[in-house]
1. When the distances between all Cα atoms of the range 257-359 are binned every 5 Å from zero, what whole-number percent does each bin get?
2. With the contact rule set at Cα under 8 Å and sequence spacing of 6 or more, what percent relative contact order holds for the chain?
3. Over the Cα atoms of the range 171-228, what is the Rg over Rh ratio if Rh follows Kirkwood?
4. Which order do Met183, Met355 fall in if you start with the one that has the fewest other Cβ atoms within 10 Å?
5. Evaluated at 37 °C with a viscosity of 0.692 mPa s, what Stokes-Einstein diffusion coefficient in µm²/s does the range 248-299 have when Rh comes from the Kirkwood expression over alpha-carbon pairs?
6. Provide the packing ranking of 223-231, 206-214, i.e. peptides ordered by the mean count of other C-beta atoms within 10 Å per residue, highest first.
7. How do 40-51, 302-313, 259-270 rank on mean C-beta neighbours within 10 Å, highest first?
8. Could you tell me how many degrees, from 0 to 90 and to the nearest 10, lie between the Cα long axis of helix 2-28 and the main elongation axis, the longest principal axis, of the Cα atoms of the chain?
Amino acid sequence: MLFHRSKRAFAALFALLFLLASAAQAQGTKLPNVTILATGGTIAGTGATSTTTVGYTAATVGVQALIQAVPEITKVAKVSGEQVFQIASENMGNEHWLILAKRVNALLAQPDVDGIVITHGTDTLEETAYFLNLVVKSKKPVVVVGSMRPSTALSADGPINLYNAVNLAGSPSAVGKGVLVAMNDQIHAARDVTKSNTTTTDTFRSSELGMIGYIQGGKPFFYREVTRKHTVDTEFDVSKLDALPQVDVAYAYANVGDVAVKALVASGAKGLVHAGVGNGSLPAKTKPALIAAREQGMVIVRSARVGQGIVARNGEANDDQLDFVVSDTLSPQKARILLMLALTKTNSTKEIQRMFYTY
Ligand code: DGL
């Protein structure tokens, strides 16, 4: 009798252990849910021949075709796709950013979405990534990806970039890292990455501040953390915004005058980023127009066209006296993004300068 009872107990214990092991195995192989939001660009581009790597048409291939072209994706994630836009990214505008940001936040609020990949043209990819880095309100991974060769080209980089991006977006190690850019087997933080070459596949660089990791064999490897606040830790909320304040960039160079600055002021810009030479220097022929713009209430940010380094406050100009803001290490195009969002919160140059030292 005792033998039969212990035999039944053993069988029950074995069955329980088997069920637990199966559940654990299922959990261990549970694929993440990744949504791909397609916006266009070269990754969705097509050329006349397989050797056409310039002179192709961007933004022609739909999101489902992009996914079907990389069947390996379905082995690493449960993927769904949405065609948000179909544009070349030189045409990306504030209105596109607001639509995209609201869709990203709505999707990430869903418990059945673990991460998002945004396919995008490379020309303004860094700007969209930085904008989202400031307004996405989730710690879940958001990965922006593009390609330098069209989908029809020999050794097109789009498929492997997309495969890497989906892996990254579904990876727990990418949670809380801010918006990421995955290109050329590298992981870059949105704040510091820039397109550095017109056509080569290694164009995305974070130069002196450095990329934050690699993707190898589909797996992300991180080597550094970003120090500036992003996503859930920012004060910016676009959920109720239908438009962003107009902010423009005026570029400096030898012999520049004040025509561009005056035209931007006349166009009704609320803020202006000056892409100065050197350490953000203000040419004498331009400075009076910038001072007048400030006196009219425009917020002026002194940035630099050089691409690396800190634009020092009160360095090449007396910012305290002029009541200007300096861009820290942000490029002019990214300083414009932060100034736009700052102006949705305040006109105080003191507060805005704090933001440039925070994000
Ligand atoms: N027209 C450019 C763009 O959509 C093509 C460059 C690319 O996507 O790599 O950004």
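1. 2, 14, 27, 28, 21, 7, 1
2. On the way: 743 pairs, mean separation 46.6, N = 359.
Value for the chain: 13 percent.
3. Checking Rg against Rh, the ratio lands at 0.95.
4. Values: Met183 27, Met355 22.
Neighbour counts put them in this order, fewest first: Met355, Met183.
5. 303
6. 206-214, 223-231
7. Values: 40-51: 20.6, 302-313: 18.8, 259-270: 15.7.
In decreasing order of mean packing, 40-51, 302-313, 259-270 become 40-51, 302-313, 259-270.
8. 20
Computed from the coordinates by the stated procedures, all read-outs in this text should not be read as laboratory data. Note that the coordinates shown come from a computational prediction; the quantities given were computed from them, not determined experimentally. Using ideal geometry, Cβ is built from the backbone for each residue, glycine included, and neighbour counts are taken over all protein chains shown.
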